[in-house]
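Engineer: I'd like to ask you about the structure that follows.
The values are calculated or read from the model by the stated rules, or taken from the named source; none is laboratory data. Owing to the predicted nature of the structure, the values given are computational and were not obtained by experimental measurement. For neighbour counting, all protein chains shown are included, and Cβ atoms are generated from backbone atoms with ideal geometry for every residue, glycine included. Side chains are part of the model used for accessible areas, which takes the heavy atoms of the whole protein and leaves out ligands, DNA and RNA. Shrake-Rupley method; radii C 1.70, N 1.55, O 1.52, S 1.80 Å.
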Amino acid sequence: MKKLLLFPALLFSFICFAQKDSSHVVTYHKNGKVNEDYHLNASGDKDGPYLKMGRNGKKYVSGQYKDGIPIGVWEYFASDTTGDLVQKLDFDSHKEIFVDPVRQNMLICGPRYFGGNMLKQEYIQHRIKTDFTAEEREKLKGEKYTVSFTIDSVSLKPVLVNCNETDVPPDVKPKLEKIVSEMPAWLPPVCKDEKVWRFSVTFAF
């Protein structure tokens with residue numbers, strides 16, 4: 001599998017601390033520079049403009065949320081000192097509208113979640129909040145379950161979804177599998193590799 005460099009949406013950084021002023025949240029890198037800047041609505045979901053900065057002080061990701069759901073055009077920038085725009089995604093039309101051709105061959109070969117790993121995990125956490133009652137979440141608090149799946153080559157949606165962990169409650173298993181099955185379509189592979197790509201996500205309660 002070709003794997004040289006990931007787009008910014010797939011990268012993580014360390015956070016030192018956060019400031020929260022009612023609905024306004026700002027988090028910081030360990031070096032004191034701003035990491036994330038966003039607002040929360042009354043339900044505790046991200047709402048409005050979102051900005052993620054690199055540890056070098058350059059813009060990393062910018063976009064917009066509505067009730068915890070990414071909307072509109074999101075821009076992703078290089079994590080190096082150039083700060084070049086490398087990708088634009090339109091969440092309203094669910095299309096990749098720009099990708100830096102110079103960096104495209106540096107992407108992972110297989111399908112990519114639309115928006116990267118950060119938004120993939122946010123999707124899972126948002127669905128836990130909406131698909132499970134407060135009582136169910138409290139009962140499952142501290143539990144982690146892994147669901148595996150394959151991305152269909154035509155629809156680019158998850159198929160062969162299965163949570164085969166032996167300790168998952170029987171009433172929980174179908175909910176986990178349904179959430180994964182309803183993921184947004186992924187971005188297509190950037191190469192012609194015919195490999196069947198198997199993925200997994202973890203539900204942390």
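Engineer: For residues in the stretch 42-63 being assigned to a strand (DSSP E or B) and open to solvent by 70 Å² or more (accessible area, probe 1.4 Å), which is nearest to residue 120 (Cα to Cα)?
Structural biologist: Restricting to residues being assigned to a strand (DSSP E or B) and open to solvent by 70 Å² or more (accessible area, probe 1.4 Å), the top hit is 49.
Engineer: Here's another thing I want to ask about it. Quick check on residue 93: is it among the small types (Gly, Ala, Ser) and farther than 26 Å from residue 52 by Cβ?
Structural biologist: Taking the combined requirement at face value, the residue does not satisfy it.
Engineer: Find all pairs meeting these conditions: Cβ atoms under 8 angstrom apart; at least six residues apart or on different chains; first residue within the stretch 31-42 and in contact (Cβ under 8 Å) with a residue 24 or more places away in the chain; second residue of a type outside the set (Gly, Ala, Ser) and open to solvent by less than 50 Å² (accessible area, probe 1.4 Å).
Structural biologist: Close Cβ pairs (under 8 Å, with a partner that is of a type outside the set (Gly, Ala, Ser) and open to solvent by less than 50 Å² (accessible area, probe 1.4 Å)) amount to 33/53; 38/25; 38/46; 38/50; 38/65; 41/47.
Engineer: What about residue 4, is it at pLDDT below 95, closer than 28 Å to residue 184 by Cβ, among the aliphatic types (A, V, I, L, M) and loosely packed, with under 14 Cβ neighbours inside 10 Å?
Structural biologist: Taking the combined requirement at face value, the residue satisfies it.
Engineer: Could you pull out the residue among 168, 161, 196, 180 that is open to solvent by 40 Å² or more (accessible area, probe 1.4 Å) and of a type in the set (A, V, I, L, M)?
Structural biologist: It is 196.
Engineer: Does residue 139 fit the bill of being within 21 Å of residue 151 (Cβ to Cβ), of a type in the set (Lys, Arg), surrounded by fewer than 16 Cβ atoms within 10 Å (Cβ to Cβ) and without any contact (Cβ under 8 Å) to a residue 24 or more places away in the chain?
Structural biologist: Answer is no for this residue.
Engineer: A follow-up question, please. Being assigned to a strand (DSSP E or B), under 29 Å from residue 102 (Cα atoms) and either open to solvent by 60 Å² or more (accessible area, probe 1.4 Å) or in contact with a Pro (Cβ under 7 Å, 6 or more places away or on another chain) (or both) is the filter here; which residues of the stretch 64-85 pass it?
Structural biologist: Within the stretch 64-85, 64, 73, 76, 77 meet the criteria.
Engineer: Based on this model, can you work out whether residue 149 counts as over 30 Å from residue 101 (Cα atoms), among the aromatic types (Phe, Trp, Tyr) and crowded, with 18+ Cβ neighbours inside 10 Å?
Structural biologist: no
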